[in-house]
Amino acid sequence: MDLMRGIRHLLHAPASRRFPPDVMQEIQQAIAEGERHHDGEICFAVEARLPLRSLVAGHHARARAEDLFAQLRVWDTSRKTGVLIYVLLADRAIEIVADRGVMSRLPRPAWDVVAQSMRKHFQQDDWRGGALEGVKAMNALLKRHLPATPGQVGELPDQPIVL
C-alpha cells in the first residue's frame, strides 16, 4: 500500500462536505429529468475514501466501481442499460461502469469524455458543477444512443448514493 495514498484516504473529509444534501437533490433531479428521454438507468455514487480492507489490498477506483456496480444492482435492469457514475474523492477518481445494453451501443471513449468533463470541474473545486455536468452529459449520450421507448419504467432509484 502506498503510504501517502493510505494517509489521504484515512484522513479524507466526509463526502457530504463536497456533496451536501442540496447538491444531492439537484443530482437526483438531473437524473430523473434525463431518464424521461432515454432507456438508460443512471446511478450516481460518491465515496470519500475506500474501505480499509480495499485500501490495504491495493484496490483502486475502477475495481471499487465494478464491485459497487454489482452491490448496488445497477446491472439488474430488464434492458441491461444501467450506468454507474462513481466518484472516489480521496483519489479524485471518476469511473463509469455500464451494463452490456449500453456498452453495445455506446463506445467507451464517449464515457471517458464525460469523466474528463467532470474532472475539469472537480479540479476547480466545483463539485456540484462537475456532478451535474457528468449526469447531463451521460443523459445526452443515452438519449442519442438509447432513446426512450413507450412504456419505459424507471427501475433504479434516481437518488444519488453517498457511501
Completion exercise
Ordered by fewest other Cβ atoms within 10 Å, a rough proxy for footprinting exposure, TRP127, TRP111 read TRP127, TRP111
Handout entry: Structure-derived Rg and Dmax of the Cα atoms in Å: which label, when the choices are (1) 18.6, 70; (2) 15.3, 52; (3) 14.9, 46
Key = (2)
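Hey, what number do you get for the chain at 222 nm if only DSSP H runs of n ≥ 4 count, each worth -39500 (n - 2.57), divided across all residues, to the nearest 500?
Values: 7 runs with 79 residues, N = 163.
Calculated mean residue ellipticity at 222 nm is -15000 deg cm²/dmol.
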Completion exercise
Partner lysines whose C-alpha sits under 28 Å from that of LYS120, ignoring same-chain residues fewer than 8 away, are LYS136, LYS143
Fill in the blank from the handout: With the range 68-121 reduced to its Cα atoms and the Debye formula applied, log10 I(q)/I(0) at q = 0.14, 0.23, 0.30 1/Å amounts to -0.39, -0.90, -1.16
Fill in the blank from the handout: MET103 and ASP2 label points (each 7 Å along its Cα→Cβ direction) are spaced in nm at 2.6 nm
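Return one quarter of the surface area of the convex hull spanned by the alpha-carbon atoms of the range 1-62, equal to its mean projected area, in nm². Let's see the in-between values first.
Working: hull surface 21.1 nm².
Answer in nm², one decimal: 5.3.
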Practice task
Quick one: plug the Kirkwood hydrodynamic radius of the range 71-163 (C-alpha pairs) into Stokes-Einstein at 10 °C, 1.306 mPa s, and report D in µm²/s.
Solution key: 114 µm²/s
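All of the numbers you see were taken from the coordinates with simple rules; none came from a lab. Remember, predicted model here, so these are calculated numbers, not experimental data. As a convention, Cβ positions derive from the backbone with ideal geometry for all residues, glycine included, and neighbour counts pool all protein chains shown.
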